[in-house]
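Asks: Take this structure first; my questions come after.
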Amino acid sequence: MEVINAYSNEDLDGIFAVYSDIILKHAEGINSKVVYNSDSSSTDDVIVVNGNNLSEAKGKKIGIESINIFSHFSVLKSLEKVGLGEGDVQFENIPAQNVSEALQKGQIFAGYIHDPFIDDALKKGFKVLSTANDTPGIITTVLAFHSDIVQQRPQDIYNIIKSMAEAKTDYENNKMQDIVIMSQKSGISKDKIIQGLNNTKLLDLNYNFQSSMDKNSNQMTSLYKIGDDIVRFYYERGVISEYPNINEIVDPQIVDALVKYNQIH
């Protein structure tokens, strides 16, 4: 799930990015506020295996795009579900586009891969034994702004999120019509857009309010819960030297305000 796109409206700049990347940038001194969780990977990010069970990876090599980034973290969480820890496997840096070849050569037993490279692995007979659905919330895309922008321009950001929420509602009611519009505007084929949307869980305002922005939740769908786990992952590996406070990164105020407005109106 490679998503790092700028949002720009005159001098109001924000970014759609993988949540773990925003946390890392914040720890590096780029003070950021996550104001919305836009989508979460479902079957767009998977682990393909030259075997029948992910537990067979014990003592073998697994390909990931890079050590100490979200693909590494995601694979570790998938391994936990079959009773394996980091010390049970060996990791090797292999770009997603090279995973199928590495599997064919026996260089690795399993590999993290994302679209558009999944089909190639399946055609070569390898099996998908874990998807982002199995570890919900880990590979998720958020909308973030610099902290100063959130403080100085809350109404503008409110309007952006309101528009996103309205677009999600419209898509639910007019799916094919909206896909045609997206295809015309982007130049991407309708089939490609449909495939991408089917592999991704689009999140709405209520999901943000009830799950993503719930600081008391112990579920991985909470940006607070998964954020703490991501911070621990980076800290234990020396990627960051101090624990950033997730309460200072996730800002639920605008989502809360929108939900309250909708309840009144």
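Each value in this text was obtained by applying a stated rule to the coordinates, not by laboratory testing. Bear in mind the structure is a predicted one, so any value in this text is a computation, not a measurement. We place every Cβ from the backbone using ideal geometry, glycine too, and count neighbours over all the protein chains shown.
Asks: Translational D (Stokes-Einstein, µm²/s) of the stretch 130-265 at 20 °C and 1.002 mPa s when Rh comes from the Kirkwood sum over C-alpha pairs? Write down the numbers at each step before the final one.
Replies: Working: Rh = 17.1 Å.
The diffusion coefficient I find is 125 µm²/s.
Asks: Let me ask you something else. Which number do you get for Rg(Cα) / (2.2 N^0.38 Å) in the stretch 63-132?
Replies: Rounded to two decimals, the normalised Rg is 1.03.
Asks: Assuming R0 = 41 Å, what is the FRET efficiency of residue 256 and residue 90, from their Cβ-Cβ distance, to the nearest 0.05?
Replies: 0.35
Asks: Here is a further query. Which value in deg cm²/dmol, rounded to the nearest 500, describes the helix-derived mean residue ellipticity at 222 nm for the chain, given -39,500 (n - 2.57) per DSSP H run of n ≥ 4 and division by the residue count?
Replies: -12000 deg cm²/dmol
Asks: I'd like the antiparallel share, as a percent to the nearest 5, of DSSP beta bridges with both residues in the chain.
Replies: Roughly 80 percent of the beta bridges in the chain run antiparallel, per DSSP.
Asks: Then there is this: Can you give the extra length, in nm with one decimal, that the chain gains between residue 28 and residue 176 once fully stretched, where that is 0.36 nm per residue apart less the Cα-Cα distance? Please report the intermediate quantities before stating the final value.
Replies: Working: separation 148, 0.36 × 148 = 53.28 nm, distance 4.21 nm.
Full extension of this stretch gives 49.1 nm more.
Asks: Which one of 88, 39, 229 has the biggest mean-square fluctuation once the chain is modelled by GNM with Cα springs under 10 Å?
Replies: 88
Asks: Let me have the relative contact order for the chain, percent, based on Cα pairs under 8 Å that are six or more residues apart.
Replies: Reported relative contact order: 28 percent.
Asks: Quick one: P(r) of the stretch 112-180 from all Cα-Cα pairs, 5 Å bins, percents rounded to integers, in order of increasing distance.
Replies: 3, 12, 13, 11, 14, 16, 14, 9, 4, 3, 1
Asks: Continuing with this model, one more query. Please list, by residue number, everything in the stretch 69-109 whose backbone N is under 16 Å from a paramagnetic label point 7 Å out along Cα→Cβ of residue 124.
Replies: Residues 92-109 qualify, since their backbone N sits under 16 Å from the label point.
Asks: Label residue 162 and residue 146 with points 7 Å out from Cα along Cα→Cβ: what is the distance between them in nm?
Replies: Modelled inter-label distance: 2.5 nm.
Asks: Report, in listed order, any pair from 33/215; 215/260; 77/201; 60/81; 81/127; 58/225 with a Cα-Cα distance greater than 21 Å.
Replies: Long pairs (Cα-Cα over 21 Å): 58/225.
Asks: Moving to a separate point now. Under 5 Å between amide H atoms, partner at least 5 residues away or on a different chain: which partners does residue 43 have, H built in plane at 1.01 Å?
Replies: Correct list: 200.
Asks: Which value, to two decimals, describes the C-alpha radius of gyration of the chain once divided by 2.2 N^0.38 Å?
Replies: Here the Cα radius of gyration is 1.05 times the empirical estimate.
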